[in-house]
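Just so it is clear, none of the values below were taken in a lab; they were calculated from the coordinates. The structure presented is a predicted model; accordingly, all values stated were derived computationally and were not measured. With ideal geometry, Cβ positions are generated from the backbone for all residues, glycine too; neighbour counts draw on all protein chains shown.
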Amino acid sequence: MQSKATYVPIFNLQGFPTLADAGHLAQNLDLQHLWNSFCYHQETLVSCVRDMQFDRYEMNCRTFWSGLSHESHQVCLQPVVSSLISDAMAFAYDHMAEVLLCKVNNALDFSISYSLRLLAERLESIMQDTFCNFPKDFSGSKLELCVGAAQLFARFLDLNQISVSLSPILADYEQHQQMIEAWSRIDTRNISHQCAILMSCQRHILEPILVDFGQWLNGAALPISRGRGVDLLCEWIEKLLREIQGVPDISMANIVCKVGCITSQIVRELILKSEVSFGAFQLVKTFLDDYVAIKYLRQTALFQRSVGNAEYEKGETQSNRSSVSSMNVFIPPRPPVSTDHSTAISTAIPVQSGSEGSLQPNLQELDLQPQYLPVPADLSGDGIIITPRPFARDDYASYPTSSSFN
């Protein structure tokens, strides 16, 4: 995550779309005005997530889209512009997920946790209402993206709750030593053999990973690492995913399935040995499974070119897919997050018309303060738990099965 001194607005980050992607339309003054406003709107939404002010997210969405002029509304409907907006929204949602993951080991105040869960539960209906005056060929892909974002928000909350439970266990010397001793009694070769049979895991890849996991477990017990066990686990998972994704013929979807199989075999082994620390390993398993699942969702649910409008064109809703888990625990409060950020701009993404028709950065309108209006509290609505503990029946349809991968 960026420090305050180096903070860059979302629209200046590498990968965020630019007007250059609109081709000859980039010279259109109405488009320039729309894009300038839209970029600041995305930064406002990101700031709501970054500063944990989720109760202000909804009204910022509604205010921007309902306040568009007739000219801006018509510009949005052009296919190139609509695609550009979808790309930008996908990038912003992914950035929000990254911002949240950086806070996964922080104990969230109950009110913050509740407001984020409420936002995840209602995000799809919020965006449906927001785009009610737009045709479905414009709104379809945006609604699919918000469904993916809602799933990520909900999964972050689950991951955070697991992290809050796991951290004190890893920080406790006696419990951590029990985990190390239990791991030393596991036959990792037998586990890799079973995984090779069940999921066609490559043993020459898996066995070093299991050895590396043991090194993480031992390293997290060192005095210098005390209290940083979950942070080190996240770093280990990221390192592992980078290495595995470099192996030919192994996709992220394949990794998700195989990780679940491997961690299940490990917990099974611990239960059969009646290890007293199997509960702690179950938390590690669930954390690892969820973390990898979030990485996979970010690559699929937020890839706007892969989403379709078919279900929305049929008039079907996706409310069951954006529901949140029923896991509710009290989390002790933490000090409020500082909102002091630099607003330096490094590239000319929001633009204004310059001399001789050139496009120049608009530095005069850089007001990154969100529109602070509350979201009405609403606890109603039916939902399905979307976390892996356990899957609802309908959730299996959205996840690949082992037979889908070779």
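Would you mind finding the one in Gln74, Gln14 that is surrounded by fewer than 20 Cβ atoms within 10 Å (Cβ to Cβ) and assigned to a loop (DSSP other than H, G, I, E, B)?
Gln14
Looking only at the range 178-237, which residues are over 28 Å from Val104 (Cα atoms) and polar (S, T, N, Q)?
Ser184, Thr188, Asn190, Ser192, Gln194, Ser200, Gln202
Filtering the range 258-305 down to residues that are hydroxyl-bearing (Ser, Thr, Tyr) and assigned to a loop (DSSP other than H, G, I, E, B), which residue is farthest from His95 (Cα to Cα)?
Ser274
Test each condition in (1) assigned to a helix (DSSP H, G or I); (2) more than 14 Å from His95 (Cα to Cα) for Val49 and report the one that comes out false.
(2)
Say whether the condition of being of a type in the set (A, V, I, L, M, F, W, C), buried (at least 17 other Cβ atoms within 10 Å of the Cβ) and closer than 30 Å to Leu119 by Cα is met by at least one residue in the range 188-196.
No, because not a single residue in the range 188-196 is of a type in the set (A, V, I, L, M, F, W, C), buried (at least 17 other Cβ atoms within 10 Å of the Cβ) and closer than 30 Å to Leu119 by Cα.
Let me spell it out: the conditions are (1) part of a helix (DSSP H, G or I); (2) crowded, with 18+ Cβ neighbours inside 10 Å, and Val80 meets all of them except one. Which number is the exception?
It fails just one condition, (2).
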